[in-house]
C-alpha cells in the first residue's frame, strides 16, 4: 500500500474555498448532481433550488415552494449559471468537471467552459418539483448547524481531521516509510517490538473492507485469519475468531463487526502504547498511571443502533461498492444525533466520515482508496455506537495557573475544534501537568479560515488569552483523568503575561503527562508537546525537516491553520519551535504550534493560533471581515427559513 493509503490523517476531500455567499448561499456536489440554492434577485424571501445531473446534465430550477423558474425553459437559466460559477469557486473547476463528467475545451477549465460544454450537449429539463424538495431539505440542514450549541468536552475523533490547508497525504521523507514502519519509528525513538506485525495485521483486515464482506474472496478470508492470529493471545481471541468465521462465510452480523472493529482497535492501542513509551524516553517525560474503569451499563439508544446498522452495511458493501444512496443513508441519523450533547461525539465522526464517502462515490471508480483512514473511522464509529462507550470521564477540580503552549485546530466540512495544549501548575504546589482545553462547534462547510475562529472564539476565553500571550488563573476547573479541562469561562480569569516559547523553554521539561483513555489509544492521537532549538533545517522539494541529534524529523506544515500569521515559510526560517510530536503512516513528524524566527532583521515569535482570539494584523483583519460577511449571510438565511 502507498503512504497515502497507509495514513490515518490523509486528506481525502479538498477544502472548500472561501467565497461570497449572498447570491448562492448553498452549493454542493452530492447525490450525483451539482445542486444548491440561489437567492432571488427581486424578492429577499424567495430562493431558487437549482441542480445539474452528472453525465446527462439534466437541469432543474424552481422556487422553494415549487414554482418553476421562468428562465429554465429549454436551457440553463441564470440561477443555474450562477450555481456553476460559485461551485467552481468553492470546489475548483477541475473537481466540478470530474464530478459532472464534463470535458470542457481548453487546458485549464473555468466556470464558463463548463457551462458551454454542458449547454452544447443540449441537456433535457428534469422535473423541478421532484429535485427541489431533497435539495432544499439539505440546505435547511446546512443552516441548522449554526443553531447547534458548542461543546467543551473533547471530541477525540476530530484528531483524524487536521486543518484543510491541503488535500493530500503527509509529505514523505526521502526513502519513504510505508509498511516498514518499524525502521522509520526507530530513527527517533527506541525500537517498538511487534510494531510492523501489528500494522501488517491491520492492513490485512483493511483489505477486507476495501472489497466488502458480503461475499469475501479466498484471499480476503486469508486476511481475516491474519487478524485472528494477531489477537490470539488476548481476551478477544475467541470472540474475534468466531466473528471472523462468520465474516468469511458472508454471514457476519452487527455484533460480529463490532468484535472485528474491537480487534483492530486493540492492535492500534498496542502500537500507541509502544510509541508512547518511546516518546517518554526521548523527552524524559513522566506519565501518570490511572486505573481504567469499565463503562457503566447504559440502555441502548435507537439512534446508535441505526448508526450501527449503517456501518455494518458499509462493511458488507466495501469501499469499492459505495454509492450515493449508501453514503447518504447516514444523513438522517446524524441530523437526529447532533442536537444531543451525549451523542455529539459519534455524530460528528459519522458526519465527517459520510461526507468523505459521498465525495468519493462511486467507489468502483476510485483509483486509490484511503484504506487505513476509512478503516479507522469505521472502527471507531462502530465502537462509539455501543452503549456507554462515549460516556463522560470522571473529573476533579483544578485550581492554579494555566500556561498556554499553542492551539491545535481540527476541522472537517461540518465541524471544528480548537484544542489548546498547556502546562497546568496546581495551586497546592504539586507537580505541574500537561493538559488540554477544547471547544468544538458544528458549522456549515462554507464557513472556513477565519470564520472557524469566529465560531469558536465566544466559547473559550483561553483563545483570547493565547493570542494576547497571557496565562490564566483557574478556580476549580473540571479536569479529567486524561488531562482534559472541561472549560467553563466562569472559572477562569486572565493572568500575567506568559509567552508560549518562554514557557516551553523553562517549564515544558518538568510537567507530567496524564494517561490516555482505552478507546483513545491510537497512534493518530499522539500529540506530545515538545520544544526544539538548535536544529538544522533541511528542504527536499516540499518536505521540510529539522535535524535533531543527528535524526531528520519531518515537519508537517500542512497542519498550520490558514487563518494564522504562522506560515510554512516562517517555519522553514525558524530557529526555535514549540510543536506537537505526532506519528502517522509509519513515522514521526512535528506539527509546529509556534516558532521563533527573524522578520526584517528582528526576532519575532509567530503562533499558529495568534488570530484565534481576534487580531489587529491587517491580513488578519481582512480575513475576519470576509468571514464575518459569510456567517452574516448564513445567519440571516437561517433566521428567515428555519423559523418560518
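Evaluated on the chain, the Kirkwood hydrodynamic radius is 25.8 Å, with distances taken between all distinct Cα atoms. Across all Cα pairs in region 519-607, the calculated P(r) in 10 Å bins from zero up to the longest distance comes to 17, 51, 27, 5, 0 percent per bin. Translational diffusion of region 193-298, estimated by Stokes-Einstein from the Kirkwood radius over alpha carbon pairs at 10 °C in a medium of 1.306 mPa s, is 105 µm² per second. With each label modelled as a point 7 angstrom along the Cα→C-beta vector, the residue 42-residue 94 pair spans 4.1 nm.
Under the definition of Cα pairs under 8 Å and six or more residues apart, what whole-number percent is the relative contact order of region 26-147? Present the calculation step by step, with values, prior to reporting the outcome.
Values: 200 pairs, mean separation 34.5, N = 122.
Relative CO of region 26-147 lands at 28 percent.
With Cα atoms defining each centre, region 458-477 and region 595-644 are spaced 18 Å apart in the structure.
For the pair residue 124 and residue 249, a Förster radius of 35 Å applied to the C-beta separation gives a FRET efficiency near 0.15, rounded to the nearest 0.05. Among 602, 129, the ranking by other beta carbons within 10 Å of each residue's beta carbon, starting with the fewest, stands as 602, 129. Taking other C-beta atoms within 10 Å as the exposure proxy, 583, 310, 374 rank 310, 374, 583 from fewest upward.
Residue exposure proxy: 48, 535, 91, ordered by other Cβ atoms within 10 angstrom of their Cβ from fewest to most, comes out as 535, 91, 48. All Cα-Cα separations within region 443-519 were binned at 10 Å from zero, giving a P(r) of 15, 34, 37, 13, 0, each value a whole percent of the pairs. Stretched out straight at 0.36 nm per residue, the stretch from residue 617 to residue 324 would grow longer than its current Cα-Cα span by 101.1 nm. With the cut-off at 1.5 for a/c, could you classify region 395-506 from its C-alpha gyration tensor as rounded, prolate or oblate? Because a/c hits 1.5 or more and a/b exceeds b/c, region 395-506 counts as prolate.
Across region 620-636, the residues whose backbone nitrogen lies under 19 Å from the label position 7 Å along the beta-carbon direction of residue 600 are 620-622.
Its DSSP H runs of at least 4 residues, each contributing -39,500 (n - 2.57), put the calculated 222 nm mean residue ellipticity of the chain at -11500 deg cm²/dmol, to the nearest 500.
If I take R0 = 41 Å and measure r between the Cβ atoms of residue 273 and residue 309 in this structure, what FRET efficiency does the formula 1/(1 + (r/R0)^6) give, to the nearest 0.05?
Details: r = 32 Å, r/R0 = 0.79.
In this case the efficiency is close to 0.80.
With a cut-off of 14 Å on the backbone N, the residues of region 76-104 near the modelled label site 7 Å out from residue 116 along Cα-Cβ are 103-104.
Every read-out reported here was derived from the displayed coordinates using simple, explicitly stated rules and does not represent laboratory data. Keep in mind the model is a prediction, meaning the values are calculated, not measured. All Cβ positions, even for glycine, are placed from backbone atoms using ideal geometry, and neighbour counts span all protein chains on display.
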